[in-house]
Structures are given as structure tokens and as C-alpha cells.
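Working notes, beginning with the structure itself.
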Amino acid sequence: MKLSCFILDDEEHAIEVLADYIENTPDLKLIGSDTDPIVALSKIMKGELKPDLLFLDIDMPNLSGIQFAELVKGKTEIVFSTAYKEYAHQAFDINAIDFLLKPITYGRFLQMLDKVYAKNRTNTVGPQSSFIFLQIGPSKKVIKINSDEIIYIEGLSNYVRVNMLSGKTHTIYSSMKTLLEKLPFNSFVQTHRSYIVNLKFVEIIGSNEVIIKGEHTLPIGDSYKKSLLKTL
């Protein structure tokens with residue numbers, strides 16, 4: 001099920017940027033946009049407009065994004081987008097999912113989406129999901145991966161290789177730390193500086209190695225033993 005998105009910004013260029021990101025991201029659907037906060041507010045309050053995610057500028061005429069968010073609280077989830085970082089504190093006081101500082105890169109947009117799906121897993125917005133979005137290869141193409149089907153992850157210099165249950169592998173340009181933060185914290189654990197494993201597929205744990213589905217034997221680093229045992 002796709003999450004419906006609406007963009008409210010008084011700058012057409014800002015709308016175009018976010019619209020492009022939304023339309024090129026799996027599981028998101030753009031249902032509209034507006035430059036007039038008064039018009040958008042009326043539609044939301046009447047129930048004519050019911051977005052799952054509202055991308056909201058802060059500095060707008062007649063009604064600021066902060067004021068707008070207060071008025072529609074509980075009717076939609078808010079993602080602020082603004083060129084003014086001094087509004088960040090107020091934005092998070094309203095419990096916004098994220099605060100995007102313009103100019104917004106697609107990489108930063110995807111980080112926001114990770115937060116949305118992390119919130120999904122706590123039943124706060126939309127359906128529960130175990131999916132994560134990752135950029136693969138030099139083209140930076142975005143794919144959706146079911147984290148439940150990841151067997152293990154291997155660090156290889158400046159990128160990582162994600163090994164899937166299906167036998168497929170995906171090359172991700174990311175650090176191990178960044179990728180681990182995207183994954184469900186109670187399902188994945190780093191066993192070595194070069195390996196992250198899905199506990200679902202762990203079959204045997206030795207003193208210095210772990211054997212996972214498919215008879216893959218991976219090392220356990222001395223500095224990771226304590227964390228592994230604690231997680232188990």
C-alpha cells in the first residue's frame with residue numbers, strides 16, 4: 001500500500017523537486033500540491049484532502065507552516081521543508097517526522113523515508129513494514145528490500161554487499177554503520193567489522209564464528225562478542 005503525499009510550499013520550484021522525488025520513490029504516491037496554505041487547510045479540515053504525509057514549507061504568506069501544523073495535528077504526518085534551520089526546534093516540538101533543510105538532496109529525502117518506515121513499525125502511521133530503501137550501484141538507482149529476507153551483509157571497502165535469501169546480492173554504496181541504523185535493531189547485529197547478520201538465520205554460534213543459513217561461516221570479532229551476546 002502506497003503512502004499518499006501532499007506538498008504545500010509557496011515556491012513552485014520547491015514543489016517540483018519534492019514531486020520528482022516522490023514520483024521516483026517506490027511506495028509513495030503524490031496526490032497533489034498547493035502554494036496557498038489557506039486553500040490547503042480548508043481541504044484538510046473538510047476531509048477533502050487526507051494525505052498520509054504532508055510536506056510542509058514553514059515560511060509562507062498568511063499562515064506559517066508551524067501554525068498550519070498545529071491546526072492539522074492528528075490529521076496527517078508532517079515533514080517540514082524549509083531554507084531556515086532556526087525553525088528546527090519548533091518543528092520537532094510539533095512531533096514532525098523530519099525537518100528537511102533546502103536545498104534537499106535525494107539522499108536526504110531517503111533518510112527521511114527511513115524514519116517514516118521506522119515509525120510504521122511501531123504502528124504509528126500507515127501499515128507496518130519491514131522494507132527499507134537503498135541506493136545501488138553508480139547510477140544511484142533506488143530499490144526496495146525486505147529486511148526479513150536479508151541473510152547477512154558484508155563490508156567491502158567503500159561499499160557493502162547485501163546477501164538475500166533468494167541468492168541475489170545487492171551492492172550498496174554505504175558504510176556498515178549507516179546501513180545497520182536502517183535495519184530493525186532487534187533483528188540484526190554486527191558480529192565483525194565486516195559483517196552484519198540477520199539473527200533469524202543464525203544456526204550455530206561458536207566462540208569465534210557464527211554459522212548462518214546456507215552454511216556460511218562468518219567470523220566474530222573480539223570487540224563485537226559482548227554486543228552479540230547481549231542482543232541474543
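The values are calculated or read from the model by the stated rules, or taken from the named source; none is laboratory data. These figures come from a predicted structure and were not determined experimentally. Every residue, glycine among them, receives a Cβ derived from its backbone with ideal geometry; neighbour counts consider all protein chains shown.
For the range 73-114, a tally of residues being closer than 19 Å to residue 45 by Cβ, β-branched (Val, Ile, Thr) and assigned to a strand (DSSP E or B) returns 2.
Against the list (1) touching a residue at least 12 places away in the same chain (Cβ under 8 Å); (2) of a type in the set (Val, Ile, Thr); (3) surrounded by fewer than 17 Cβ atoms within 10 Å (Cβ to Cβ), the condition residue 189 fails is (3). Restricting attention to the range 192-218 and to residues that are farther than 24 Å from residue 144 by Cα and touching a residue at least 24 places away in the same chain (Cβ under 8 Å), the residue that is surrounded by the fewest Cβ atoms within 10 Å (Cβ to Cβ) turns out to be 193. Considering (1) at pLDDT 80 or above; (2) under 24 Å from the mean Cα position of the chain (by Cα); (3) not aromatic (Phe, Trp, Tyr), the lone condition that residue 207 does not fulfil carries the number (2). Would the range 68-88 turn up any residue that is surrounded by fewer than 15 Cβ atoms within 10 Å (Cβ to Cβ), closer than 17 Å to residue 7 by Cα and among the polar types (S, T, N, Q)? No, the conditions are met nowhere in the range 68-88. All conditions in (1) touching a Phe, Trp or Tyr at 6+ places or on another chain (Cβ under 7 Å); (2) of a type in the set (A, V, I, L, M); (3) at pLDDT below 80 hold for residue 96, with the sole exception of (3). Within the range 5-33, being under 16 Å from residue 80 (Cβ atoms) and without any contact (Cβ under 8 Å) to a residue 40 or more places away in the chain holds for 15, 22, 33. Within the set 70, 48, the sole residue that is without any contact (Cβ under 8 Å) to a residue 60 or more places away in the chain, over 30 Å from residue 132 (Cβ atoms) and either within 21 Å of the chain's Cα centre (by Cα) or not in a helix (DSSP H, G or I) (or both) turns out to be 48. Would you confirm whether or not the range 52-61 contains a residue that is surrounded by 15 or more Cβ atoms within 10 Å (Cβ to Cβ) and out of contact with any strand residue (DSSP E or B) (no Cβ under 8 Å at 6 or more places or on another chain)? Looking for residues that are surrounded by 15 or more Cβ atoms within 10 Å (Cβ to Cβ) and out of contact with any strand residue (DSSP E or B) (no Cβ under 8 Å at 6 or more places or on another chain), one finds none in the range 52-61, hence no. For residue 43, the criteria (1) among the charged types (D, E, K, R); (2) assigned to a helix (DSSP H, G or I); (3) under 24 Å from residue 106 (Cα atoms) hold in every case but one, which is (3).
Is it the case that the range 130-139 has a residue that's within 27 Å of residue 173 (Cβ to Cβ), touching a helix residue (DSSP H, G or I) at 6+ places or on another chain (Cβ under 7 Å), at pLDDT below 90 and of a type in the set (A, V, I, L, M)? Scanning the range 130-139 turns up at least one residue that is within 27 Å of residue 173 (Cβ to Cβ), touching a helix residue (DSSP H, G or I) at 6+ places or on another chain (Cβ under 7 Å), at pLDDT below 90 and of a type in the set (A, V, I, L, M). Taking the listed residues 168, 144, 177, the one that is more than 17 Å from the chain's Cα centre (by Cα), modelled with pLDDT of 80 or more and surrounded by fewer than 14 Cβ atoms within 10 Å (Cβ to Cβ) is 168, with no other qualifying.
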